[in-house]
1. Restricting to segment 119-132, name every residue that is of a type in the set (Gly, Ala, Ser), at pLDDT 95 or above and open to solvent by 40 Å² or more (accessible area, probe 1.4 Å).
2. Which members of segment 263-288 meet the condition of being within 15 Å of Met338 (Cβ to Cβ) and under 18 Å from the mean Cα position of the chain (by Cα)?
3. Would you check which residues across segment 286-315 are out of contact with any strand residue (DSSP E or B) (no Cβ under 9 Å at 6 or more places or on another chain) and aliphatic (A, V, I, L, M) and list them?
4. Within segment 294-316, take every residue that is of a type in the set (D, E, K, R) and not in a loop (DSSP other than H, G, I, E, B) and give me the one that is farthest from the chain's Cα centre (by Cα).
5. For Asp278, which of the numbered conditions (1) open to solvent by 50 Å² or more (accessible area, probe 1.4 Å); (2) under 28 Å from Asp251 (Cβ atoms); (3) acidic (Asp, Glu) fails to hold?
6. Filtering segment 44-63 down to residues that are among the small types (Gly, Ala, Ser) and open to solvent by 50 Å² or more (accessible area, probe 1.4 Å), which residue is farthest from Ile176 (Cα to Cα)?
7. Can you find even one residue in segment 228-240 that is under 21 Å from Gln196 (Cβ atoms), in a helix (DSSP H, G or I), β-branched (Val, Ile, Thr) and open to solvent by 20 Å² or more (accessible area, probe 1.4 Å)?
8. Would you check if Thr79 is of a type in the set (Val, Ile, Thr), over 13 Å from the mean Cα position of the chain (by Cα) and buried (at least 23 other Cβ atoms within 10 Å of the Cβ)?
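The values are calculated or read from the model by the stated rules, or taken from the named source; none is laboratory data. Fair warning: this is a prediction, and the values are worked out from it, not measured in the lab. FYI the Cβ positions are ideal-geometry reconstructions off the backbone, even for glycines, and counts take in every protein chain you see. With ligands, DNA and RNA removed, areas are computed over all heavy atoms of the protein, side chains included. Shrake-Rupley method; radii C 1.70, N 1.55, O 1.52, S 1.80 Å.
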Amino acid sequence: MKHMNRTAQRAAQGPRHGTLGRMLVIAALAATTAASAQDGPVQTAVAAAGPAGPLQGVLLAPGAAGTPVALIIPGSGPTDRDGNSPLGVRASTYRLLAEDLAARGVATVRIDKRGMFGSAAAGVDPNAVTIPDYVADVHAWVANLQKRTGARCVWLVGHSEGGLVAMAAAQDAPGICGLVLMATAGRPLGAVLREQLQANPANAPLLDGALGAIDALEHGRRVDTAGLHPALQALFAPQVQGFLISEFAYDPARLLNGYRKPVLVVQGQRDLQVSEADARLLQKAAPQATLVLLPGVNHVLKAVASDDPRANLAAYGDPALPLAPDVGRSIASFILRMRSSQ
């Protein structure tokens, strides 16, 4: 992918856990029963129990009671509840999605990850986490949401790395209605990272060190970063290697194999980070899955008019640019249809 050099430059700004390409409850719904549909969505600050302190988020619920409830799980790195990051991402993808879904009759909770932003008190070091830690946090949110709203189950809506967390959290979890996987890799993330590095000839000076580091982490071995190219120092920083070892161990297709609840896979066809091939691998692993391909849509679910990587990446920094129209429509339609059939 043509964006690799820009990603490597950003990685040099400081450590963050995850893969190359990372730009990238709850108050009772009963409290909203006095509001009519004409009053519009009701937004409420919410919290769930974290390991060291509260996990924080926000519930956006339609004015009517009894709506389905979805938990939006953020993507990689320091991504906040709205889908923004201090690394330059200001697309507000999750806020825009929540607003769209509320208008279509679906309540959402969007969250800050443990150790970050509003959930800073929930963990001492945001780098000292694993995928199982995030899974535990998802389960805490689901249990809290069921208790407070009376919902029989909660939908998991995961974006990018959040899709991996959603799949891991859904294993043997009766409180989860099903999965919505947005721009989610269908292969182990070590394989995705290799492909991204090798796709750009300009990354040739990085390849030997980067591919060796990926191989070591996939085998559970930590990496001595002293001899790595400077552009890779932050990507494979010692403090994030525990997370990378955890993340690289998961195979999304294997997680979905045998999963029987509803699955929606939403994939933009101008996504620079996750490919249509990944989406098809997810669909193949879960034959009951519904696949929605969105022409002209990028990784942050915005419509882009050309294949120019610069125009594509510019959308990452534009909160005024709306989500592509079919994103919220496809997700709400799926959730409401599946709810009526369950």
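1. Ala120, Ala121
2. Within segment 263-288, Val263, Leu264, Val265, Val266 meet the criteria.
3. Result: Ala305, Ala311, Leu313, Ala314.
4. Arg310
5. Among (1) open to solvent by 50 Å² or more (accessible area, probe 1.4 Å); (2) under 28 Å from Asp251 (Cβ atoms); (3) acidic (Asp, Glu), Asp278 violates only (1).
6. The residue in question is Ala52.
7. There is no residue in segment 228-240 that is under 21 Å from Gln196 (Cβ atoms), in a helix (DSSP H, G or I), β-branched (Val, Ile, Thr) and open to solvent by 20 Å² or more (accessible area, probe 1.4 Å).
8. Criteria not met by Thr79.
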